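The values are calculated or read from the model by the stated rules, or taken from the named source; none is laboratory data. Here the structure is a predicted model, which means the values were calculated and not measured. Methodologically, a virtual Cβ is constructed for each residue, glycine included, from the backbone with ideal geometry; neighbour enumeration extends over all protein chains shown. Heads up: the accessible areas ignore ligands, DNA and RNA and are worked out on the full protein's heavy atoms, side chains in. Shrake-Rupley method; radii C 1.70, N 1.55, O 1.52, S 1.80 Å.
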Amino acid sequence: MGAGVSPIPPPGPLRTLSLATLANTVGSGLWLAGAALYLTRDVGLSPASVGAGLTVAGLVGLTASVPLGALADRWDPRTLRAVLQLGQAAVAAAYLLVGSFPVFLAVAVLDALLTSGNLAVRAALVAAVAGPQGRVRAFATLRAVANLGIAVGAGLAGLALAADTHRAYQLLVVGDAVTYLLSAALLLRLPACPPAAGDRAGGRPRRGRALRDGRFLAVSGASAVLSLHWTVLTLVVPLWTVSRAGAPPPVVSAVLLTNTALSVLLAVRLARGADDAVGAARSMRRAGLVLAVAMLLYAVTAGLPPAASVALLLVATAVYTAGDLWHGSAGAGLAYGLAPPDAIGAYQGADGLLAGLSRALGPALLALLVLDGGPPGWVAVAALFAVVGLATPALTRWALVTRPAPDAAGAARTPAGHAG
């Protein structure tokens with residue numbers, strides 16, 4: 001792969017951050033693939049209680065996004081993220097102590113709080129490491145690396161799931177915890193990042209500033225609506241593939257592998273043009289329209305002969321992946337481009353909060369629309385994505401009216417020795 005396509009960055013702080021991300025996401029892949037079976041088959045919890053506990057934990061966890069993001073504006077985000085990774089290692093290991101639902105819920109809530117807050121801190125750290133001109137490309141690079149890490153972790157989890165023994169599940173949990181420790185150690189190899197808000201005239205930023213910025217929230221809310229597509233791939237398409245498209249279950253794996261492979265190969269390339277808010281808004285419009293086309297292609301798979309259905313599912317997934325990647329880079333470009341330089345972390349936290357709410361509401365909404373509604377439900381989702389995508393440039397122009405002209409303030413957070 002050429003330099004413009006490869007997810008591996010050149011030597012420097014971004015490569016170190018990529019290695020930390022790879023370690024972290026291998027653990028994520030281990031846990032995502034193995035958690036449900038560990039908690040039900042080994043711990044003995046019921047599937048319903050696991051689902052309910054994770055839902056409650058996920059909603060509670062969203063409350064940490066803005067406060068920890070704001071903390072990254074006042075503290076070194078490198079050190080803060082390393083500390084959070086150490087906390088996540090301890091919480092991951094605590095799953096070994098789970099033997100009842102109350103203990104599971106307590107551990108899951110702590111896990112969700114640290115995970116949600118860490119995402120906002122990560123966004124601030126990416127901005128600090130890459131600088132204003134390179135942060136969207138860096139975000140795309142890390143996304144490609146993350147997809148690779150999750151795929152590796154899921155593959156390793158398959159060994160534990162195949163063994164299906166108490167010792168194998170324990171090793172899976174320990175492996176997840178160890179990846180957080182490795183990630184934290186790699187993060188501490190980065191140069192220190194001076195806080196954006198610590199020494200500015202006028203003192204600390206106002207508390208709750210991001211959550212009172214209605215124009216930013218309108219743009220971020222549009223991105224959050226498009227974030228419903230994450231549930232499409234992870235929940236709706238697998239169930240649709242087997243129940244309505246008439247494809248055999250192994251096709252679900254082929255669909256997910258298609259998405260993963262294309263994400264690793266194309267994430268950096270499709271991030272081009274989203275470095276500022278105006279360019280990101282155009283990418284968001286493109287994402288909405290392309291995702292709408294993918295929804296319509298998925299709808300057509302119902303009632304086709306099996307071979308044609310499988311082929312169209314894979315084509316739809318390729319189209320979906322392009323829209324997914326454009327949305328990811330555009331969302332990052334808008335969240336960074338509309339945030340004040342001294343409040344990057346807080347604004348990323350607010351953006352993450354809205355995206356998290358979308359992920360929480362997505363399963364119930366899309367199951368009702370698509371799995372119960374059939375092809376007309378796909379058409380409704382396609383129309384929603386197209387309208388939101390088309391509206392984003394106008395919303396962005398409205399938000400930019402209240403933003404100061406870009407200056408060099410963001411460069412103050414770029415670590416010494418990094419060219420951006």
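Things to note:
- The overall shape of the stretch 93-174 is oblate: from the C-alpha gyration tensor, with semi-axes ordered a ≥ b ≥ c, the ratio a/c is 1.5 or greater and a/b is no larger than b/c.
- Helix runs (DSSP H) in the chain reaching 27 Å along axis by Cα, Kyte-Doolittle at least 1.6: 101-130
- Between the stretch 84-104 and the stretch 115-170, the C-alpha centres lie 19 angstrom from each other.
- The stretch 76-222, accessible area per residue, ligands and nucleic acids excluded (1.4 Å, Å²): 43 Å²
- Set of the stretch 31-54 residues, backbone N closer than 20 Å to the point 7 Å along the Cα-Cβ line of S253: 31-38
- Carbon + sulfur, % of accessible area of the chain - ligands and nucleic acids excluded, 1.4 Å: 70 percent
- Heavy-atom accessible surface of the stretch 245-353, averaged per residue, reaches 32 Å², computed with a 1.4 Å probe.
- Shape class for the stretch 258-303: oblate, because the ratio a/c of the largest to smallest gyration tensor axis (alpha-carbon atoms, square roots of eigenvalues) is 1.5 or more and b/c is at least a/b.
- Value of relative contact order over the chain, rounded to a whole percent, pairs C-alpha under 8 Å and six or more apart: 27 percent
- For the stretch 25-163: rounded, prolate or oblate by the Cα gyration tensor [a/c cutoff 1.5]: oblate
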